[in-house]
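Read through the structure below, which is laid out as C-alpha cells, and then see the notes.
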Amino acid sequence: MRKGTNSLEVKRLNRNRVFRYVNAQTETSMPDISAALDISGPTVLTIVKELKEAGVVAEVGELKSTGGRKAKAIAAVKDVRYAVGLDITANHVGLACTDLNKKVLKHERIRKPFSYTDLYFQEIAGILERFVEENKIAREKIEGVGISLPGIVNRQDNILTQSSVLNLRDISREKWEEYIPYPCELLNDANAAAITEDVCCKRPESNMVYLSLSNSVGGAVIFADEMKSNDGIRSDFDGGAMYMGNNWRSGEFGHMVIHPEGKTCYCGKKGCLDAYCSALNLAGLENGNLGAFFEKMESGNEEYRQIWEEYLADLAIVVDNLRMCLDCEVVLGGYVGGYMEPYIEAFRLKCAGRNIFGHGGDYVRACKYRVEASALGAAIYRIEQYIDRI
C-alpha cells in the first residue's frame, strides 16, 4: 500500500484485488482468495458479499471436497460488461469485442478508406451498430468503445495530437462521440496491439518491446513490474506497465534512422525504419495482399526472396538497437509479425550476428496474437477501465 493511504482507499484496493483474482480464475473459493491475497477470511467474506450485490461475481456451485465441508464456488460474471474496439487505418476498419474475460468474442475487418468527413464518421457508426446487432451484444452492457489510431495519442486528454498517416491533428474523442452513441477512448494502434499481446498471451514476467510492422511501423515498451503513473509510465491494463514518454511519443520506432540519407520516409526524414520495413514494402508488390507476397515467395519467386532477405537485414538492425537500448524481449507484431513464425529461427541468426552480449537471438520472437490485435487491445483497454473502478 502507498504511504498515507486511508482506510477507504485500502478497502477499495482490496476489493479490486479480490475481483481481479476471481476474474482470473475459472472458479475459486473464499478460502482460496484469502490464502492467495493474504487477506483475512472475514474481510474476504465482506468483499465477496459486496461484489455479489454489485452483480460482478456469483456463486456457481461447490468445489470438490478436500476432506471437509465443500467450499462454495465463486466466479466472475463475465458478461456483465462488454467493450468494442475499432482499429482505424488509412484503408480499413477492424472491429473486435470482448467481455470481462478479455478474450476476443467476435472480430471483423472491412475495407473502408479513411476520410475526415461527416459521411465517413456516419458510416463508421453504422458499421459499429451493425456489428453490435449481429453479435447480439446488449447495448446497455457496452462499457464503451476503444478506438485505435495510427498516430500520437495523448491518453490523458483523449486527443489524437498528430497522425501523418491519416493527415490529422488535434482530434479529440468528442469528435467520435458525435456519431458513436457510447463513451470513446483513443489509443495509438501499436500500443493497443501490445496490450493484446501482453494480456492475452500470458507472457512470462519480463520486460517487452513490441515492434509493430504494419503499414506504418510503431511500437510500445512494457515493463513487467507495475509502476503507476510516474514520469511517463502508465499502468492502464491488467499486465505490465506501458512507458508512454514525457510527451506520449514513446515507441515511435518507425522513425529511428537505420540508413542515414537513405529512402525518404513519409515523415520527411531520410532513412527511417518505416521506409524500409513497412508492410507496404512487401504487400505493395501484390496490390496490398501481404499473404500473396509470402505465398509467391515460398513458391519459388527469387525476386521476392531477395526482397525478403533485404527486409530482414534492415529489421535486424533496429531489433539489435532496441535490444542494446532496453535489454529485454523484442516481439515482432503487426501485419508482418503475423507471418514471421516460419522465419524466426533464421532471423534470430541475423540478430545473433549483431549481439555483442551473449551472441544469441533467442530474445526476439514473433507475436502470438495475430488477428485484429489493435482492435482487441482497444476493447481490452475499455474493459480494464471498468474493472479498475470495481
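The values are calculated or read from the model by the stated rules, or taken from the named source; none is laboratory data. Computed from a predicted model, the values in this text were never measured in an experiment. All Cβ positions, even for glycine, are placed from backbone atoms using ideal geometry, and neighbour counts span all protein chains on display. Surface accessibility is based on the protein's heavy atoms, side chains included, excluding ligands, DNA and RNA. Shrake-Rupley method; radii C 1.70, N 1.55, O 1.52, S 1.80 Å.
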Tail fraction, Cα-Cα pairs, the stretch 82-160, threshold 18 Å, whole percent
43
Expressed per residue, the solvent accessible area of the stretch 1-57 in Å² (1.4 Å probe) is about 60
Which of Asn287, Asn207, Asn23 moves most in a GNM of the chain, Cα contacts under 10 Å?
Asn287
Rg and Dmax of the stretch 265-390, using alpha carbons, in Å: what are they?
16.8, 57
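Express in % the proportion of alpha carbon pairs of the stretch 121-168 at distances exceeding 14 Å.
Details: 730 of 1128 pairs.
Summing the P(r) tail past 14 Å for the stretch 121-168 gives 65 percent.
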Sorted by accessible surface (1.4 Å probe, heavy atoms of the protein chains only), largest first, Ser115, Ser216, Ser7 come out as Ser7, Ser115, Ser216
Which whole-number percent is the relative contact order of the chain (Cα, under 8 Å, 6+ apart)?
17
May I ask you to evaluate 6.51 cos²θ - 1.76 cosθ + 1.60, the Karplus curve with θ = phi - 60°, for each residue of the stretch 45-50 and list the ³J(HN,Hα) values in order in whole Hz, giving x for glycine and proline?
4, 5, 5, 4, 4, 4
Springs between alpha-carbon pairs under 10 angstrom, Gaussian network model over the chain: which of Trp176, Trp248, Trp308 fluctuates most?
Trp308
Cβ-based net charge around Asp118, under 12 Å, with every Lys or Arg adding one and every Asp or Glu removing one
-1
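Can you tell me, using C-alpha contacts under 8 Å and at least 6 residues apart, the relative contact order of the stretch 242-361 as a whole percent?
Working: 106 pairs, mean separation 18.3, N = 120.
The normalised contact order for the stretch 242-361 reaches 15 percent.
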Determine the sum of side-chain charges near Pro342: Lys and Arg each +1, Asp and Glu each -1, restricted to other residues whose C-beta is under 14 angstrom from that of Pro342.
0
Using only C-alpha positions, report the orientation-averaged shadow area of the convex hull of the chain, nm², one decimal.
22.6
Which whole-number value in Å³ per residue fits the convex hull of the alpha carbons of the stretch 15-67?
83
Rounded to the nearest Å, the spacing of the alpha-carbon centers of the stretch 1-53 and the stretch 249-327 is 47
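Cross-link list Lys78/Lys112; Lys112/Lys175; Lys112/Lys296; Lys49/Lys141; Lys106/Lys296: which exceed 20 angstrom alpha carbon to alpha carbon?
Working: Lys78/Lys112 32 Å; Lys112/Lys175 18 Å; Lys112/Lys296 27 Å; Lys49/Lys141 22 Å; Lys106/Lys296 30 Å.
Table pairs above 20 Å Cα-Cα are Lys78/Lys112; Lys112/Lys296; Lys49/Lys141; Lys106/Lys296.
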